[in-house]
Amino acid sequence: MAQPKFIFRLESLLEHRKQVEKEHQRRVAEIQQQIQKLMLDIQETESRISSENRALAAEKLVGTLDMQYITHEKRFVGNLHMKIVLTMQQIAKIEQTLAAARAELLVAARARKVIEKLREKQYRRWREEQDRKDAALMDEIGTQAAIRGNMNSREILPRAGER
């Protein structure tokens, strides 16, 4: 006899909720990548500022000073500082988006877990019912075997008495 199979009626809903959660995970990862890219841009800009300041100090601040070049260089470095500030503001906005995306991910994960708990509960009930049915079937088989054994022994006893 074929073993019965557990069927969860909300399996498609569970799969849908898993997909929704994965989409939210991807969204969070994309936002984190955006932040990482901007952080890398800031590091590169800071590195550029340092190298510009070193170059200015090593080459142009020795001997005759070219004030036009120094002014241009300081304006350029000032623009790089402004770029860093603007990038940090952009990161702050993206981090707000990240917080919202994480909250949505948390909601999606909870929704999935609710359906998984329901599935586990239904499976446990189904398993208990199957175990109960199996025990009843085994009891029935044992009862039938005992009845057959009693019938066979009754048939044997009168024959033994006839001798």
* Asked: Under Stokes-Einstein, with the Kirkwood radius over Cα pairs standing in for Rh, what whole-number D in µm²/s applies to the range 6-97 at 20 °C and 1.002 mPa s?
  -> 126 µm²/s
* Structure fact -> Given backbone amide H placed at 1.01 Å from N, residues whose amide H is under 5 Å from that of Phe8, ignoring those fewer than 5 places away on the same chain, are none
* Structure fact -> Computed over the chain: longest principal axis from alpha-carbon atoms vs helix 67-162 long axis, angle to nearest 10 degrees, is 10 degrees
* Could you list the chymotrypsin sites (Phe, Trp or Tyr not before Pro) in the range 1-100 that lie in coil according to DSSP, counting only those with at most 16 other Cβ atoms within 10 Å of their Cβ? => Phe6, Phe8
* Overall Cα dimensions of the range 60-140 - principal axes, largest extent first, Å -> 110, 23, 8
* Rg/Rg_ref, the range 1-159, where Rg_ref = 2.2 N^0.38 Å and atoms are Cα -> 2.48
* Structure fact -> Honestly the range 54-94 on the Cα gyration tensor test (a ≥ b ≥ c root eigenvalues; a/c under 1.5 rounded, otherwise a/b vs b/c for prolate or oblate) is just prolate
* Asked: Over 19 Å between Cα atoms, which of Lys5/Lys133; Lys37/Lys74; Lys22/Lys113 qualify?
  -> Lys37/Lys74
* **Relative contact order %, the chain, counting alpha carbon pairs below 8 Å whose residues are six or more apart** => 43 percent
* To do: Mind checking which of His72, Gly149, Phe6 is farthest towards the positive end of the chain's charge dipole, using Cβ charges of +1 (Lys, Arg) and -1 (Asp, Glu) about the Cα centre?
  => Gly149
* Quick one: dipole size for the range 1-53, taken about the Cα centre, charges +1 on Lys/Arg Cβ and -1 on Asp/Glu Cβ, in debye to the nearest 20. => 540 debye
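Values quoted throughout were computed directly from the atomic coordinates according to the rules given, and no laboratory measurement underlies them. This structure is a prediction, so every number in the text was calculated from the model and none was measured. All Cβ positions, glycine included, derive from the backbone under ideal geometry; neighbour counts span all protein chains shown.
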